[in-house]
Every structure is written in structure tokens, then in C-alpha cells.
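First comes the structure, then the notes that go with it.
The values are calculated or read from the model by the stated rules, or taken from the named source; none is laboratory data. Keep in mind the model is a prediction, meaning the values are calculated, not measured. Positions of Cβ are generated from backbone atoms using ideal geometry, with glycine treated the same way; all protein chains shown enter the neighbour counts.
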Amino acid sequence: MNTPRPIRAAVLTVSDRCSRGETEDTSGPALAARLADALAAEVVASRCVPDEHALIASALRDWSRPDRAIDLVVSTGGTGLAPRDVTPEAAREVIEREHEGLMDLARLRCLEKTPRTFLSRGVAGTAGTTLILTLPGSPRGAIEMLEALLDILPHAIETLRGEVQDDARPGAVAREGRVVEHAD
């Protein structure tokens with residue numbers, strides 16, 4: 001069986017205050033560390049931008065280019081209800097196929113910790129072969145939402161890469177990639 005290649009990730013912090021140097025970005029580095037620790041991901045890019053639709057979309061578009069070969073982009077910030085929270089709208093401009101179920105799952109799994117999880121308007125989807133997740137801006141919220149998805153992200157990324165033939169039929173033989181048999 002082929003060993004999957006490491007996940008290449010990028011982290012985008014969306015914050016007016018951090019982008020102006022008025023406060024330290026703690027969410028972005030926390031996400032980068034968690035991705036490296038939990039998924040053995042190689043974080044190949046990070047950036048901090050203000051809550052500006054065009055700048056957010058530009059960063060997401062840049063990182064989802066095929067030549068960048070980035071598997072996963074996580075953003076932190078701009079997913080709430082404040083007037084300048086425009087990350088979901090900017091992400092939707094870049095996302096080609098939205099995947100509402102991923103963020104629904106994250107919110108449901110985080111509900112036990114706080115009902116405020118449903119204040120996040122975060123979205124998920126794909127642009128080419130890059131999976132984009134928009135997470136809350138607080139370090140706690142960002143990490144909890146990411147952790148709620150850690151168990152399925154490797155399989156999602158392998159599938160998006162085309163490395164998995166996931167038909168789960170007993171005795172299936174891979175034509176390309178590999179077959180993943182599910183216990184559930």
C-alpha cells in the first residue's frame with residue numbers, strides 16, 4: 001500500500017489589528033502548530049491580511065493555484081457577525097465546490113463546549129485540489145473547530161488529491177490509488 005505524501009498547508013490570519021501590528025497574531029501560529037503536530041502537515045505559507053474582501057480572496061486564490069501544490073488552507077478570523085467579517089464571502093468567491101457538511105460537522109462537534117460555535121459563519125470547500133476551511137478568529141475557537149475535523153481531514157485530502165478509490169466494497173481492488181475499507 002502506498003504511503004500518503006505529507007499534507008501541505010497554509011494559514012491565513014484575517015485581522016485588521018494584527019495586520020496593522022497593533023496586536024500579536026496568536027491564532028495563526030496556534031493553527032500552524034496544531035496542523036504540524038496533529039497531521040504532520042508541512043505549513044508552507046502563512047500570511048496576515050486585514051478584513052478586506054479583495055485581499056482575503058487574493059490570498060486564497062494564490063494558495064489554491066495548482067503550481068503551489070497546497071492541499072489545505074485554513075483561515076482564522078472574519079467569520080462572525082461584525083460588519084467587517086467578510087471572510088466567508090471572500091472564500092466563496094474562490095471556492096469552486098462548497099462543502100457545507102464539513103463546517104456543519106465542526107459546529108456540531110463543538111456545540112458541547114459552547115453554543116457560540118453557531119455564531120461562526122465559516123465555510124468550507126475546494127478550489128482545484130485545495131481544501132479551504134474558514135475558522136473563527138479566537139485561538140480557542142479556531143483550534144476547537146480544526147480539532148473537530150482532524151479525524152477526517154487526511155482522508156478528505158487524499159480523496160481530493162485522487163489518491164483514494166473509496167468505494168468501500170468488500171474485496172475491492174484499486175484501479176488507481178488505493179482502496180480504503182471502512183469499519184463503520
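Quick check on segment 148-171. Is at least one of its residues in contact with a Cys (Cβ under 6 Å, 6 or more places away or on another chain) and either modelled with pLDDT of 95 or more or more than 27 Å from Arg17 (Cα to Cα) (or both)?
yes
Kindly state which strands (runs of 3 or more DSSP E) lie completely within segment 71-160 and contain at least 2 residues that are of a type in the set (A, V, I, L, M) and either crowded, with 24+ Cβ neighbours inside 10 Å or free of Cβ contacts under 8 Å to residues at least 12 places away in the same chain (or both).
72-76, 130-135
Which of the residues that make up segment 27-60 are within 26 Å of Ile152 (Cβ to Cβ) and in a loop (DSSP other than H, G, I, E, B)?
Residues satisfying the conditions are Ala40, Ala41.
For segment 26-36, name all the residues that are crowded, with 21+ Cβ neighbours inside 10 Å and closer than 21 Å to Ala82 by Cβ.
Ser27, Gly28, Leu31
Can you pull out the residues in segment 5-26 that are assigned to a strand (DSSP E or B) and in contact with a Gly (Cβ under 6 Å, 6 or more places away or on another chain)?
Those that are assigned to a strand (DSSP E or B) and in contact with a Gly (Cβ under 6 Å, 6 or more places away or on another chain): Val11, Thr13, Val14.
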